[in-house]
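Structure first, commentary second.
The values are calculated or read from the model by the stated rules, or taken from the named source; none is laboratory data. On a predicted model such as this, the values are computed, not experimentally measured, just so you know. Surface accessibility is based on the protein's heavy atoms, side chains included, excluding ligands, DNA and RNA. Shrake-Rupley method; radii C 1.70, N 1.55, O 1.52, S 1.80 Å.
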Amino acid sequence: MWLCSTASAEGGAAAGIRGVAPVRAPGGGSYGRGMDAHARELKKELDATLDARRELGPEYEAALVDSFVEKVDTQVRRRLAEERLLAARDGGRGGPGAGDGSFGERFGFAIITLVLAVPLSAIAAAQAHLAGLLVAWAGIVGVNFIHAGGLRRRNRDASA
């Protein structure tokens with residue numbers, strides 16, 4: 001695995017980069033070990049782009065970067081399409097526990113409710129004092145009960 005050192009050496013000068021020299025990583029590990037096929041393909045593309053930049057010079061850098069970004073975008077879109085296809089095969093659930101009142105959904109809703117409760121409480125207390133604060137919190141609690149009831153109904157329908 002190659003890293004960059006800030007020490008100046010022949011490797012940095014040869015690559016056209018002042019003050020940066022390639023250094024072998026401790027342990028001699030190979031970059032990319034354990035990567036999936038998509039990541040390996042992107043690494044090959046990045047290596048090819050960097051090689052082309054060294055050969056063509058800095059005047060082509062913008063075009064090379066645009067080309068690489070386009071390839072990354074294509075890879076991301078392909079991966080998203082694959083994940084959507086897998087989610088569709090799972091009956092639209094996106095995997096076990098997704099969309100059926102999983103911890104993530106409940107926790108996210110609770111966090112959003114609490115974040116919104118702060119300004120709502122401040123406005124209600126400023127406008128209508130204690131009565132406004134009680135009404136605001138009754139609404140917040142009511143929304144959470146309705147959401148929880150909807151999750152229970154979905155779970156019951158899914159298990160039936």
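Please arrange Glu83, Glu41, Glu55, Glu105 by accessible surface area, largest first, computed with a 1.4 Å probe and ligands excluded. Intermediate values should be presented prior to the final figure.
On the way: Glu83 110, Glu41 80, Glu55 150, Glu105 60 Å².
From most exposed to least exposed: Glu55, Glu83, Glu41, Glu105.
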Under Karplus coefficients 6.51, -1.76 and 1.60, residue-wise ³J(HN,Hα) of region 43-54 in Hz, glycine/proline x: 5, 4, 4, 5, 4, 5, 5, 5, 4, 5, 5, 5
Karplus-derived 3J(HN,Hα), 6.51/-1.76/1.60, for each residue of region 108-125, Hz, glycine and proline x: x, 5, 5, 5, 4, 4, 5, 5, 6, 5, 4, x, 4, 5, 5, 5, 5, 5
